[in-house]
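Below is one structure, written out as structure tokens, with a few remarks after it.
The numbers here are math on the coordinates, done by the rules we state, and not lab data. Only a predicted model underlies this, so the values are computations on that prediction, with no experimental measurement involved. For neighbour counting, all protein chains shown are included, and Cβ atoms are generated from backbone atoms with ideal geometry for every residue, glycine included.
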């Protein structure tokens, strides 16, 4: 076998490094995040204050060191998949979560100053298969 540089290979073949591995599905991204949280279930993680009261732009930039969001961002696999930072807005985009779902994972009003990683993981897993009943849909329409 002969060693060739990427430049040499491009001269004789079409190289698509971005197609080397399949993109993770929403479910796979959420399961990975939950697994990361579950790897140290007793760990205390910071919550975010008043996510439901912030204007959209301010809410999107919210972040906290040592939060469930930073656990996801610390993972090289999720960063390679496209997670750009540990902000609320980026987590909402990347994990395809509603404000209501993400609020339930990271907001202070549910847990106080900190939440255990195990509890955060349980809430992440509940977002994988959200409730689909009439009341859940109405709540999502009204609250977001």
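Take 63-73, 112-122 and order them by the average number of nearby Cβ atoms within 10 Å per residue, most first; the result is 63-73, 112-122.
Most tightly packed first, judged by the mean number of other beta-carbon atoms within 10 Å of their residues, the peptides 86-93, 100-107 read 100-107, 86-93.
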